[in-house]
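As structure tokens, the structure follows; a few thoughts come after it.
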Amino acid sequence: MMGWGYGMGALGGLMMLVIWVLVIVGLVYLIRWLAQSVKKSETKEETALDLLKKLYAKGEISKEEFEEKKKDLV
């Protein structure tokens, strides 16, 4: 007769190990996902001066236009 106190023996122990590994891996991925979503929400919004600098860098406005608009902003 088999005793009921030992479960499925080695197979039961292996299954329990697999379950714990999956739980730990799942928690790691959950924490990483949460950290990334917080990081994305903390990104700085561009200011009008930042946008103006980009326009000047792309060559879409001249230096004179840049300086004139910059004076208006500051």
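Worth a mention:
- Flag if LEU49 is at pLDDT 75 or above, in contact with a helix residue (DSSP H, G or I) (Cβ under 6 Å, 6 or more places away or on another chain) and surrounded by 11 or more Cβ atoms within 10 Å (Cβ to Cβ): yes
- Of all the criteria given as (1) modelled with pLDDT of 95 or more; (2) touching a Lys or Arg at 6+ places or on another chain (Cβ under 9 Å), the one not satisfied by VAL25 is (2).
The values are calculated or read from the model by the stated rules, or taken from the named source; none is laboratory data. Just so it is clear, the model here is predicted, and its values are computed rather than measured. As a convention, Cβ positions derive from the backbone with ideal geometry for all residues, glycine included, and neighbour counts pool all protein chains shown.
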